[in-house]
Every structure is written in C-alpha cells, then in structure tokens.
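Enquirer: Here you go, one structure.
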Number of protein chains: 4
Amino acid sequence: MSPSSNYTYLGPEGTFTEAALRTLPEAAARVLVPMISVPAALDAVRRGEAAAAMVPLENSVEGAVLVTLDELATGEPLTIVREVFLPIAFALLVRPGTGLTDIKTVTAHPHAQPQVRRWLAQHLPDASWESSASNADGARQVQEGRFDAAFAGEFAAARYGLEPLVTDIHDAESAVTRFVLVARPARVAPPTGADRTSLVFQLPDDHPGALLQLLQEFAVRGVNLTRIESRPTGAGLGRYFFSIDCEGHIAEARVGEALKGLSRICPDVRFLGSYPRADGVPSSPRPGTADEDFTRASDWLARCLDGRL
Amino acid sequence: MSPSSNYTYLGPEGTFTEAALRTLPEAAARVLVPMISVPAALDAVRRGEAAAAMVPLENSVEGAVLVTLDELATGEPLTIVREVFLPIAFALLVRPGTGLTDIKTVTAHPHAQPQVRRWLAQHLPDASWESSASNADGARQVQEGRFDAAFAGEFAAARYGLEPLVTDIHDAESAVTRFVLVARPARVAPPTGADRTSLVFQLPDDHPGALLQLLQEFAVRGVNLTRIESRPTGAGLGRYFFSIDCEGHIAEARVGEALKGLSRICPDVRFLGSYPRADGVPSSPRPGTADEDFTRASDWLARCLDGRL
Amino acid sequence: MSPSSNYTYLGPEGTFTEAALRTLPEAAARVLVPMISVPAALDAVRRGEAAAAMVPLENSVEGAVLVTLDELATGEPLTIVREVFLPIAFALLVRPGTGLTDIKTVTAHPHAQPQVRRWLAQHLPDASWESSASNADGARQVQEGRFDAAFAGEFAAARYGLEPLVTDIHDAESAVTRFVLVARPARVAPPTGADRTSLVFQLPDDHPGALLQLLQEFAVRGVNLTRIESRPTGAGLGRYFFSIDCEGHIAEARVGEALKGLSRICPDVRFLGSYPRADGVPSSPRPGTADEDFTRASDWLARCLDGRL
Amino acid sequence: MSPSSNYTYLGPEGTFTEAALRTLPEAAARVLVPMISVPAALDAVRRGEAAAAMVPLENSVEGAVLVTLDELATGEPLTIVREVFLPIAFALLVRPGTGLTDIKTVTAHPHAQPQVRRWLAQHLPDASWESSASNADGARQVQEGRFDAAFAGEFAAARYGLEPLVTDIHDAESAVTRFVLVARPARVAPPTGADRTSLVFQLPDDHPGALLQLLQEFAVRGVNLTRIESRPTGAGLGRYFFSIDCEGHIAEARVGEALKGLSRICPDVRFLGSYPRADGVPSSPRPGTADEDFTRASDWLARCLDGRL
C-alpha cells in the first residue's frame, strides 16, 4: 500500500490518540504513523502523504484542543469524516517488580495532572511530579529508569515493557476526550440518521451581538448546537471566529438551509464535515423540519407560483 | 367580448371602488359590472362569470375591510393581481342651482361621516345627516330630491346629474383606501422589483405566542411586513388566523423561503398573490438576502456536498 | 343611590350585553342604564355619570368589536375591571300563539345572521329576513306586529311579552362573546392568580417589523398573549396601533417588567387594566418567571453591588 | 504597609504582566510581588495576603488565558476592578556588546514564538530556538550566558543587565494582551460611563440551544457582548459554562436587568465585576435603554397600578 493511504495521528506511539484511532475498523488495514504534533499530522494529509489524520478536538475537562481548532480553521481545507469518544482513564505504569512503596518520582503530560491529582494525593502523597512531553514519552522515560512510574493509557504498557500497577485512575467520573479523523475534502458520505456537522465562521461585523442573529439561523430550522467555541481572529480583541458543531447532516434539508443562511450573512464560512455521531444519538427533527416537510413546502411554493392553489 | 372577461366591482356605479378600478389601464377595454356586495363581486370571479373583481381591502382611517379579508381567507382560492391606492376626498354634490345656504339635509355612507365631520361642523352646522347605503346611492337620492346634498366622489356627479359644490373635503390629511383587483389563481406574473405579497395563515396551536416564531421566519430572511391583521377562526376566543402583507415577490428567494418556512409550521397557509406595489417603493433587500446571495449560498452548499472546498 | 353609581351598557334592554352584565353579582345592587351606543355607554363613565359600563369587546365568530377597541384606545383613559364570556345562543321569539308554520318574516341584528343562517335554511327556508337595529329592537317590532318572529336572547322574551318558540339556536358550536366592564382608572385590584391584562400600544416607527421586538419583551419574560389586534392609527396605510391581552396581572413581576419594557420602546402605551379571567384559567409562570424568582434576582443583584458574593 | 496591601502578579519580574501592572497609578504605592502562576497570584488575594492580583485574561492572537478563566469561574469569588490593554511588542535583549551576527541561540516563552517567527526568519534565519519558562526567565538565562539573545519586553532589559538590540518586534500589527486586576468582592465602584461587566454562567440545561435564550436577555435590553468564551463544566462533552463580557456597568439599569434575567434562568451566575474600560469607549445605550428610560418606565408602572393614568 502506498504511503498516501497511511493514517497519521498525534504521537508518539501509545498515546490516547493512537488508542482512539485503533477503535476504528477502517484503521485496521492502514499503516498508522505517529506525528510529532497536530499540525504535522494534518499537514501530512494536506500534502497527500497520508489519507487521514487522527487528532484530539476537545476534552470534557480541559475543553477544546486549541491547536486543532485553529489548524482546521485556517490553511488548506480539511474535513472531519469520523469522530471517536474515548473515556479518559489512566494506568500507573511501572517497571516489572516495582511496588507502590518504591515510587518516589512520577511523570506524565501536564494535561494528565488534573485527572490524577486526587489519586496521587491519596496514594502517593510524597512522590515528586515532573512533566513529560507526552504520556507515552513519560512511559519511555520510566523504561529508561529516569522515573519510577508514569501515568498513561493502559495500552501503552506493553509497548514500553512496563506493567500497569494500578488501572482506571481518573478524578472526574465522566472524563472523555473527543477525537476526529480528518481527511481532504471529498463528496460527503450520506446521512446515517445520527450525524453531526462541524463549521467555522466569522461574525459579519465586529460586535458579538451579531452572534444572536446567526444562532437564529439554526433556531428557526430547529437545529441544535452541541458545541460552540470562540477563538480570536488575530485582528484585535473582541474579534472572533466561532467553531461549532450542530446536530444533523449537511444533506438534511434543515441543516443545509441553516448553513446556507449562515453563508449568506458571514463573510467566510468553512464547512468542516458531516459525519456519524460517536454516541449514536439519532436526530429527532422538530415538527415541520424533517426532509419531507421541506419537500412538501417546495412543492407548495411551486404550486403557488403556477397558480395551482 | 364574453361576459367572462368582464370586471366586477363593489357597486353601485359611482363608488370609490369604481374610481379605483378605472385608474387601471387594463380596465379600459373591459365591461365593468357593479355588484351589490364584496362577496357577490368575488363570487362572480369564482364562478368564471368575470375575469377579475375590484374590492376595497383596507382604509388608513377605518382599518381593514373585514368582509374582504374574510372572503379571501375562505372558499375557493382567489389571488390579488393588482392594488390601487385612492386618496379619499369627498365632493359635496348638489342639484344644479343649489347653494350652500340652501342645504338642510345631507347624506352619505356611514363610513364617510368621520371624514367629513369637521367640515360639516364648520360649514353646515345646522344640516341634518341621514345615512345612505352607499355614497353613490346618496347621490341618487339627491337626484331624486330626497336630500339636498350628498358626500361622494367628485366623479359621481356626472352620473347622477349633480354638481360638485365643494371638492376635496377630508378630515384626515392622508386618508387613503387600498383596493385590490382579484382573479382566479394563475401563473404569477414575474417580479417588477417593487412588489408586495399577501398571505393568510393560521397559528400552529392555540396560543398566540406562536406568532413570534412565525414573524421570525420573515425576520431571519430580512422580509418586512407591511400589514398584519388578526381575525377569529370561529373556533373560539383566542383562536386567530392572520392576514398579512410583506414586501417583495414570491419569486424572490427571500420571500419564497420565508413562505416555505411558514408553510412548514402552519397547518394552513393561503397564498393571496404577489403583485406590483401601488406606491412603487422598490424592494431593498438587506445585505445577504438578495437573489444572488441565495444563489451563491446554494452553489456553496453544492460545493460542500461535493467536497469542492 | 346617586346616578353616578349606575352601570351603563350597550342597549337597548334585552341585549346580550345586558344579559352579560346581569351575570355579575356587583350589578345586582346597581341601576342598569341602557345606552344607544358603545361610545355613549363609555362617555357616561368618563363624565362621572355612571360608575362603569358594560360593552362587547370581541366575538369568537365576528372578531373584535372595533368601536370598542377604538374608543378604549383614545380619549380620556378608562380601564377594564371585569370580563364576562357569554355563549351566543338565540331563541326564536314570537307572539304567544304563533307556530312555526305561521312565520313568514323574521328579524334580528345583522350580526345574528351568520349564527342562525343554517337553522333558518333548515326550518324556515321560505321566511324573509329583514335586519333590525339590535336584537332587542327586533323583539320589540315583533311585539308591535311588524314581524312574525325575532332572533334574540331568550331573556328578552319576557320584556317584550313574547314567547321563545325555539331555543339554543346557533351555528358555530362554541360561539361566545366577550364583554368587559369598564370604569375610570383607580388603584388596580390585587391579582387573583388567574388574571388577564389589556394594553394598547403603537409601534415605535413605521415598519411593522418592530412588532417582533415588542413581542420579544413578552417572550423573554414568559408572558403569553391571548389576543392581538391591529388597528390603523389614521396616519396612513401601514401605520398601526396594537390592542392586546396577555396572561397575568400588572402587579405580577413578569407582567410588570414586560409592560415596562414596552413602555421604554413605544412612544405611547395605554394600560387598559388587569382583571380576573372569566375562564378562571390560572397563570402558570414558566420556570424562572414567578414573583419569587424576580425577588431572588433582585436580592442577588443587590448582593453583587454590595460585594456580598 | 502590611503585606495584605501588596499587589501580586504573574511573575517573574520583567514580564508583560508586571509592565501592565505598572501602568496603573494605584500600583505606584504598592509592593508588587511576582508569583509563580496565575492560581498562586489569585490565591494570595483569596487568603488576604495581597490586596489584588494582576493576571492576563486574553490575547488578541492566542485567545483566552484558560487558566485565568477557569480560576475566576470557580473557588472563592473574586472580582475584576481594573483592566489594562498592553500592545505586544518584543525587544531582542542581549548582553552589552553582542551584535546581530554574534547570535546563534535565542530563547523566549513559547507564546512569544508566533509573534516573532517572521522577524526571526528574516533576520536570524540560522539561530536555534529553545523555549524558556517565561520571557523574563529567558532574559535571565541570557544574563547567565546560556543563550545569546532573548525576546522579552524592552522593560526587562535593565533588570537583567541586558541591552535591547532591536525593539518593537511583532508579527501581528495589532497584537494586544488584556490584563485584569482582581480583588476580593467589595462594594462596586460607581459607573464611569465607559465600563465593562464580566460574568460567568452555566446554561440551564444540557443543550446549547439555551444559549440563544440567554443572549436574548442581553439583546432585549440593548446590551452588547464584547467577549464570549465557552469552557467545559467537566460534567461531560457538550456541557459548558460561558465566560462573557458586556458593555456597561451593573449599576446601570439595562445591565442590571439583563443580569437579573440571566440569574432567573441559569442555575448559577457568577458576577466577575464592573470596571472602567481600558479603551475608554463610552456606553451609548440604544434608545429606550438609558437609566432615565428605566426610571420613567418604573414611574409609569407605578401610576398604572395606582390608577393615575
């Protein structure tokens, strides 16, 4: 298989991103290539050196992954084709033979810290913490003997010859990270009935009051938003672009009409894809907003124009 | 010419409605047939016995002509094809030779009274008033000698052998009546750039709070309403249908989309026509709502679906 | 008792308005004075010659009683203190001894006609109809022998020495007329928990798009409208004032705040009263809009200002 | 002066935050204490060990400073009392005697990199970059001889015995950082006429469609938002709190009423302060939303209740 059919992901090996990617059946037949950063993973796709890239988009505790938001909002267009939700639970990885009382130093990526803080205070109150570049890199440094233990995904243990001493460590009960598989734009796959659509748009002028007008384009068509993030455009304080997700699929009339409404108002709307929801929650359009309602309305309008009342 | 090409109007001869009808060039070649009532004028069209009917729709002082609203809202569908604004100014019609001091009794339709009350108080404080069935009928009774003077349109004088003793009598400076020419449904004539569209719709459920939702279908597309009337549906207090006019033409995208939005929500929407505005005020669509904006948005959506970002 | 404690009503004696007035316990001890017109009934109150006036406001079949709307919207302020719903059902009143087959001529006020048309077609297809000035006046003319039968309220029979030959005649099952008792402004009686509030206001500028903004003043506070009528201001086509009813009482915070919102926007708002609903439907404020929610919000704001967070 | 009257700030010495703090006249008489992190600076205030803390809130290029948003949204309440806008421009600091051609290694905080990237590529294409913990720390390491040059604020030169070799380096023309001075809650200072108000609130239920309803609480009172950020509540994907700024002061009626509206709807609203705008842009309330309009509306309501129409 040519390199151009590879999938890249935010590496190194053993990260949660790799674990998320491996949950996708279509990844089984691909070469999975870890990249040093989100931009590197995405640029490989842009340059045609990979078919798709798996990157984290948001976390229920930490919020949006800003670098992913910003990278998708600018540069050569890319679209999301799949999403994966991964519950965040850490394992404490140690070299074989290490016991809890042997642990004086622990490491992990700084993002892991809020998730394990309470566990640490309770079980290893005296261990000293030092940050590593990624959870997987922390595991590698445990392997090399630099630290006694690393917090990482349990799946990372085998790769670094370590053992999970404790598993399922997490402070927030429902912590979950959302990952997206991103590809070059192509004909959008048809709706599954439980889809999500992602967009980036900039307000038409410089006061965020315009946001209300834009939300109404969704509201009048009964389209619910499931995520909304504002990010600076770089043109000055108070100048934002918005990154949002809404329920439904661009090929569904209510979503398509809302998007067209946005595109008439906003100087720039970037379509980031329609794809199956990882949670499988089916769309339940409000009365009057199903595809057949739109079809019936178009037929009615045609009859009015023709005088067939 | 066959009777079916006649135009009917709210008679009798000499009414303002006839005067309004005669302002239309297309009426010049028609036989104009006075009818005893608005329903009679409209039903002749419905039965194919006339090509169109001229009826009053609203008056800037008296408000909507309810019988016209109600007749257009129910029964076999009809559509408005033209509108005429007629400033309301009365002449005091007398038999030749009559002077102001000879006038002891005056007559006119009760609707005329608020328009001439002030003039009467000033110039004929002692004259006694008696109502007639129509202004034209009042003129006829002056001709017959039953009254000394009648308030009517100046144009009615000749028909009844009377003379306009005083002209341009009106209390409200800007009093105007709006008449509409109504025909059987046919292919709608194309937009002129200064059009109006009329509609009747019923709220989807029984609380008028739903009105807000419907007005938003117009607002998000930048379509202004120029008239709104509520009328009982007959199903109980608080149950209304609405009769409205909006700026623009059904063949213009922003209007067509607003109408489709309404039709998806309301149990019953009746299209009453798109036709040139009598005041000639051109539509000036809000930014993002011109036809080319809708076309551009549709193209953009098609490109999104195709992956041509 | 002095005349100034009388109640006037739209006469003559025997009208539905009188019947509506007599349903009010407080009317039992008053002298009830029929007046020739709605303006006459109201002006007696304005001049202090009566304590209150009963007039019809709207009918579920015919719609608003325009003269009442217009009279309340202008002139010396008056306020509604009670409302009465009266189901509209007619009796066929005849001179004693008259049978159905004896009836060749029938009469009633023109408003009665749509309500009895079907019954007439079925039971008296050959009787000729002539309109009378009021239903009560029709009964009087039957008494005098001018007509064979009159449609009127059953209660009118005794007054004119007639007999109800047939009762409970009505075409629309649920036809009902709403009457209001109107008095000079005074301190508003406290809420009963099932109240209604009436208002008249004019849009801030000349395009009815402003209507949306005004409805939102009600919507954000969860106040439902139960009636909305537009009437011309007389300043030209497309210039309206609105006459509305909403659920709740001016002394309830959500209603008071909505009214204050209106009054800040509209050049002129006229309060027409808060009074018990005739249908007794209790207000059920949306979450966050009960009086205690407003009190709690005010307390919270005071704490914020004081730094007591 | 007791330590409790000190001001803390995000250190170390020589940061832009210190520079922002020194622009405030009230800081001149205070001991300014650098702290290792935003939480450390704020917690000193919470514990009463400092009177106020200066921290960065957002940057026109990087966006919100998430740690500041999150720290203000939770824990013991604090309020913003001042804001400072600081244009971001870097100086290249070197040891005395160093010329541009001598520079092989440069350092700065990672956040500085996007701002100086273009300058570096043009003037020092071969220099190697290594990140430091803060810009000030980079300067210190230049002093110690570990790097040849550091990007930092020009004001940091003197402190570390360095010289600004090049000044006013920035890629984005209008890059600016907004800092806020945060204190324990106290009676809010009166409006200056050019104020801003900050808030944190959580949506009443779990679908962001509720956002529209909340924005309308501001819109109906004509209050513009100048910043809106969503952050995860930690309760799961799609569960947000919002951190916003709006124009105006809590003691101004339109703002106070909007805040009360929010507080009635949202389970939890946290007031983060009303304070003078750094840009001095005066509030220009929409017609009908000035304080006197609210006062007039309250008076009108009182008259309605009293019957003084």
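What follows is calculated from the coordinates using simple rules that are stated; it is not laboratory data. As the structure is a prediction and not an experimental result, all values here were calculated from the model. Positions of Cβ are backbone-derived with ideal geometry, glycine not excepted, and every protein chain shown enters the neighbour counts.
Enquirer: So, R0 is 56 Å and r is the distance between the beta-carbons of B:ALA121 and C:LEU100; what FRET efficiency does that work out to, to 0.05?
Expert: Step by step, r from the Cβ atoms, then E = 0.65.
Enquirer: If you restrict to DSSP beta bridges whose two residues both lie in chain A, what percentage is antiparallel, to the nearest 5?
Expert: Antiparallel: roughly 80 percent of the beta bridges in chain A.
Enquirer: Right, another one. Hey, what do the phi angles of segment B:237-243 turn into as Karplus ³J(HN,Hα) couplings, whole Hz, using 6.51/-1.76/1.60 and θ = phi - 60°, x for Gly and Pro?
Expert: Listing the rounded values in order: 4, x, 9, 10, 10, 10, 10 Hz.
Enquirer: Still on this model: Please arrange D:VAL166, D:VAL223, C:VAL255, A:VAL84 by counting, for each residue, the other beta carbons lying within 10 Å of its beta carbon, fewest first.
Expert: D:VAL166, A:VAL84, D:VAL223, C:VAL255
Enquirer: What's the average, rounded to a whole number, of partner chain beta-carbon atoms within 10 Å of each residue's beta-carbon in C:149-160?
Expert: Rounded to a whole number, the mean comes out at 0.
Enquirer: What's the magnitude of the charge dipole for segment B:206-309 around its Cα centre, counting Lys and Arg as +1 and Asp and Glu as -1 at the beta-carbon? Answer in Debye, nearest 20.
Expert: So the magnitude is around 160 debye.
Enquirer: Let me ask something else about it. Classify the protein assembly as shown as rounded, prolate or oblate from the Cα gyration tensor: take a ≥ b ≥ c as the square roots of its eigenvalues, call it rounded if a/c is under 1.5, otherwise prolate when a/b beats b/c and oblate if not.
Expert: Cα axes put the protein assembly as shown in the prolate bin.
Enquirer: Pop a pseudo-label 7 angstrom from the Cα along the beta-carbon direction at both D:THR23 and D:PHE85 and give the gap in nm to one decimal.
Expert: 0.9 nm
Enquirer: Separate question: Say R0 is 56 Å: what FRET efficiency, to the nearest 0.05, do D:ASP268 and B:ARG303 get from their beta-carbon distance?
Expert: Rounded to the nearest 0.05, the efficiency is 0.80.
Enquirer: Kirkwood hydrodynamic radius for segment A:187-309: how many Å is it when counted over pairs of different Cα atoms?
Expert: It is 15.5 Å.
Enquirer: To the nearest 20 Debye, how big is the dipole of segment A:90-169 about its Cα centre, given +1 on the beta carbon of each Lys and Arg and -1 on that of each Asp and Glu?
Expert: 100 debye
Enquirer: GNM on chain D, C-alpha springs below 10 Å: top fluctuator among D:PRO56, D:PRO77, D:PRO25?
Expert: Ranking D:PRO56, D:PRO77, D:PRO25 by mean-square fluctuation puts D:PRO25 first.
Enquirer: Test of understanding: in a Gaussian network model of chain B with alpha carbons linked when under 10 Å, which of B:ALA127, B:ALA91, B:ALA51 would top the mean-square fluctuation ranking?
Expert: Maximum fluctuation in the GNM of chain B, among the listed residues, is at B:ALA127.
Enquirer: 5 Å is the cut-off here: which amide hydrogens, built 1.01 Å from N in the peptide plane, fall below it relative to B:HIS170, excluding neighbours closer than 5 in sequence?
Expert: B:PHE90
Enquirer: Take the alpha carbon gyration tensor of segment C:164-258, find the square roots of its eigenvalues, order them as a ≥ b ≥ c, and report rounded if a/c is under 1.5; if not, report prolate when a/b exceeds b/c, else oblate.
Expert: Oblate is the answer for segment C:164-258, as a/c is 1.5 or above yet b/c matches or exceeds a/b.
Enquirer: Report the label-to-label distance for C:ARG159 and A:SER128 in nanometres (one decimal), using points 7 Å from each Cα along the Cα→Cβ vector.
Expert: Rounded to a tenth, the inter-label distance reads 10.3 nm.
Enquirer: Using 1/(1 + (r/R0)^6) with R0 = 51 angstrom and r between the beta carbons of C:ASP168 and C:GLU292, what's the FRET efficiency to the nearest 0.05?
Expert: 0.65
Enquirer: Cα gyration tensor of segment D:90-169, axes a ≥ b ≥ c as square roots of the eigenvalues: rounded (a/c below 1.5), prolate (a/b > b/c) or oblate?
Expert: rounded
Enquirer: From the label point of C:ARG187, set 7 Å from Cα along Cα→Cβ, how far away are the matching label points in the other copies, in nm, ordered shortest to longest?
Expert: Between copies, matching label points for C:ARG187 lie 3.5, 7.2, 7.8 nm apart.
Enquirer: Among A:SER37, D:SER198, which comes first, then next, by fewest other beta-carbon atoms within 10 Å?
Expert: A:SER37, D:SER198
Enquirer: I would also like to ask the following. Only loop residues by DSSP count here, and only those with at most 11 other Cβ atoms within 10 Å; note down the trypsin sites (Lys or Arg not before Pro) in segment D:29-70 that meet that.
Expert: D:ARG47
Enquirer: Under 24 Å between alpha carbons, and skipping anything fewer than 8 positions from B:LYS260 in its own chain: which lysines qualify?
Expert: Within the straight-line cut-off, B:LYS260 pairs with A:LYS260.
Enquirer: Find how many whole Å separate the alpha carbon centroid of segment C:158-226 from the alpha carbon centroid of segment B:256-293.
Expert: One Cα centre to the other: 31 Å.
Enquirer: While we're looking at this one, here's another question. According to a simple spin-label model (label point 7 Å from Cα along Cα-to-Cβ), what is the distance in nm between D:GLU144 and A:VAL31?
Expert: In this crude spin-label approximation the distance works out to 4.4 nm.
Enquirer: Looking only at segment A:90-169, where both bridge partners belong to it, what percent of the DSSP beta bridges are antiparallel (to the nearest 5)?
Expert: Antiparallel: roughly 55 percent of the beta bridges in segment A:90-169.
Enquirer: Given the DSSP H assignment, sum -39500 (n - 2.57) over each helix run of at least 4 residues in chain B and divide by its residue total; what's the result at 222 nm in deg cm²/dmol, nearest 500?
Expert: -8000 deg cm²/dmol
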